Each structure stands twice: as C-alpha cells, then as structure tokens.
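Report on one structure; see the data block that follows.
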Amino acid sequence: MPEDRGVIPETERTSLRRAKARGRHQRRVIHDILDEVLICQVGFTDDGTTFVLPSTFVRIDDRLYLHGALGNRMLRVVATGAEVCISATVLDGLVLARSAFHHSMNYRSVMVIGTGRKVEDLNEKRAALVATVEHMAVGRSADARQPTPTELRTTLVVSIPIDEASAKIRVGGPIDEPDDLELPIWAGQIPLTLAAGSPIPEPDLPGGTSTPPYAIRYPDRTRSDQEL
Ligand SMILES: Cc1cc2nc3c(=O)[nH]c(=O)nc-3n(C[C@H](O)[C@H](O)[C@H](O)COP(=O)(O)OP(=O)(O)OC[C@H]3O[C@@H](n4cnc5c(N)ncnc54)[C@H](O)[C@@H]3O)c2cc1C
C-alpha cells in the first residue's frame with residue numbers, strides 16, 4: 001500500500017491516550033498550526049539534564065528549522081543529531097464551566113519528536129533564514145538587508161523532520177455535569193486572540209522611510225477555516 005501523504009503515521013509516542021478524539025494526524029492540520037504559531041518550546045537533554053526553551057522557528061515542507069548563535073547550547077545539541085521534542089500551541093480561549101473541575105481551555109497544539117541535523121548546505125540555510133523572517137511578517141524578507149557571509153557563518157541553523165508528530169485540538173464550550181446545569185452560575189467561553197498593537201518606529205529612521213503595510217496592519221494570525 002502506498003503511504004498516505006495526507007496523514008503522519010501514528011507511533012506509540014504520538015498516539016493520544018486521553019481525549020483521543022481530540023487528536024489529529026493529518027499533515028495539513030499539523031502544518032497549519034505550526035505556521036500560525038510564532039514560538040515553539042524545544043525540549044532537549046544535555047549532559048543528563050532535560051531543558052525546555054522557547055524559540056523562534058519555521059516550517060518548510062516537512063521540516064522545522066531553528067536558528068541562533070553558534071555557541072547556543074540548544075542548537076549545538078540538536079546539531080549533534082540528538083532527539084528533541086518540540087511543541088507549539090495556539091491558545092484559542094478560556095472555557096469556564098459551572099464547576100471548578102470542568103474548567104478548560106480551547107487550543108490547537110502540536111508536538112513533534114525528531115532527530116536534528118545541522119544545516120550545512122548554504123542554499124538550504126539561506127532559505128531557512130528567509131522563511132524565518134517571513135514567518136514573522138510576510139514580505140519582510142524582501143525589505144530587509146540580506147545576511148552578510150559573516151552573519152551567515154556565525155548563525156547556526158538546525159533542522160528537524162516533521163514525520164513523528166501529532167496535533168491535539170479542543171473546541172467548544174464546557175462539558176458540565178448534568179446535575180450542574182441548573183446552577184445559576186455563568187458558564188461559557190472567552191475567546192482569546194493574539195493582537196498586534198500599533199507599530200513603534202525607531203527614532204533614528206532616515207527621513208522619508210515609510211512604514212510597510214505588514215507593520216501598519218499586522219495580519220490576524222488566528223485560525224483560518226482549516227479543518228478541525
Ligand atoms: C520568544 C522567544 C524566541 C526566541 N527565539 C530564539 C531563537 O530563534 N534562537 C535562539 O537561539 N534563541 C531564541 N530564544 C532564546 C532561547 O529561549 C534561549 O534563551 C537561548 O537558546 C539560550 O541559549 P544559551 O546557549 O545562551 O543559554 P543556555 O545555556 O541554554 O541557558 C542557560 C540557562 O539560562 C536560562 N535560560 C536560558 N534561556 C531562557 C529563557 N528563554 N527563559 C528563561 N530562562 C532561560 C536557563 O536557566 C538555562 O538553563 C528565544 C526566546 C524567546 C522567549
């Protein structure tokens with residue numbers, strides 16, 4: 001049987017145990033969440049201690065890319081081919097139930113387990129850095145000064161495949177106990193979104209430097225009509 005490219009095969013490590021119905025393994029759902037989230041958490045083990053650190057990242061096709069300084073511990077560990085666990089979450093809302101017990105949150109989160117590698121190929125490295133800037137603001141990479149050879153050399157880029165991964169999604173209101181439904185206690189959802197404020201220009205911009213459209217109206221990064 002040919003592999004179903006639409007689905008990332010479940011493994012023992014990415015098969016949901018609790019609330020299994022909230023699990024998703026469709027590649028597109030996992031990619032959409034990763035593309036919407038601006039930061040991820042990278043779990044790695046160095047010298048017997050496990051660390052989890054926040055990081056910028058970007059997805060290109062079926063790979064995640066992280067970047068930073070050459071001396072960065074997290075990246076150095078990933079570059080050695082160590083296994084890492086990366087998670088990223090969009091928080092969509094608070095779910096307030098009648099009972100304290102059933103309070104919850106609406107979210108879309110992804111977890112990826114993979115073995116890292118250092119990106120040596122210059123074209124791949126450049127593409128990853130361009131995509132990282134674009135992940136922040138679409139159109140920004142064409143406006144920004146491109147990295148010098150020294151900047152490229154002193155930036156460590158690592159890559160992790162997205163081929164062992166899961167998504168978990170909660171939507172909807174509280175799931176209260178039938179006996180609690182008559183209680184005169186407000187229950188419902190408080191939607192949450194990440195909102196951009198007004199751009200703050202640097203005070204030393206040369207006169208006549210115009211504010212780019214992506215800064216004037218930073219796009220709403222909340223959910224598209226993706227299949228949940
Ligand atoms: C939104 C966001 C985006 C980031 N993006 C990147 C990125 O793209 N690339 C990158 O290299 N780094 C990024 N960072 C920084 C990253 O989280 C670490 O601070 C960095 O990797 C530390 O590297 P290090 O080798 O100097 O420190 P380490 O040797 O790894 O850290 C030493 C100790 O410093 C403390 N520490 C380090 N980082 C943090 C932290 N973030 N919060 C609290 N304590 C900390 C911990 O106690 C840690 O054990 C980002 C941070 C944030 C919050």
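The values are calculated or read from the model by the stated rules, or taken from the named source; none is laboratory data. In this text, all values refer to a predicted model and were calculated from it rather than measured experimentally. Counting neighbours? That spans all protein chains shown, and the Cβs are built from the backbone with ideal geometry, glycine included. The accessibility values were calculated without ligands, DNA or RNA, using every heavy atom of the protein model including side chains. Shrake-Rupley method; radii C 1.70, N 1.55, O 1.52, S 1.80 Å.
Treating the angle as unsigned and between 0 and 90°, give the value, to the nearest 10°, between the Cα long axis of helix 27-36 and the longest Cα principal axis of the chain. With rounding to tens, the tilt is 70 degrees. Put a plus charge on the Cβ of each Lys and Arg, a minus charge on the Cβ of each Asp and Glu, and nothing anywhere else: the dipole of the chain about its Cα centre is then about 340 debye. Under the criterion of Cα pairs below 8 Å and six or more residues apart, the relative contact order for region 117-212 equals 25 percent.
Between ALA196 and GLU151, the distance separating the two model label sites (each 7 Å from Cα on the Cα→Cβ line) works out to 2.1 nm.
Calculated accessible area for region 35-124 comes out at 48 Å² per residue, all protein chains present (probe 1.4 Å; ligands, DNA, RNA ignored). Close amide H partners of TYR107, meaning residues 5 or more places away or on another chain with modelled amide H under 5 Å apart, are ASP92, ARG170.
Mean residue ellipticity, 222 nm, helices only, the chain: the sum of -39500 (n - 2.57) across DSSP H runs of n ≥ 4, divided by residue count and rounded to 500, is -5000 deg cm²/dmol. Computed on the chain, with alpha-carbon pairs under 8 angstrom and 6+ residues apart, the relative contact order is 25 percent.
Here's how it looks for THR14: its modeled amide H is under 5 Å from none belonging to a residue 5 or more places away or on a different chain. Quick one: helix 122-136 against the long Cα principal axis of the chain, what's the angle to the nearest 10°, folded into 0 to 90? Helix 122-136 and the main axis of the chain meet at about 50 degrees.
Applying a DSSP loop filter and a limit of 13 other Cβ atoms within 10 Å to the GluC sites (Glu not before Pro) in region 32-139 leaves GLU120. Rounded, prolate or oblate: which fits the chain when a ≥ b ≥ c are the square roots of the eigenvalues of the alpha-carbon gyration tensor, with rounded for a/c under 1.5 and prolate only if a/b beats b/c? Oblate shape, in that a/c is at least 1.5 and b/c is the bigger or equal ratio.
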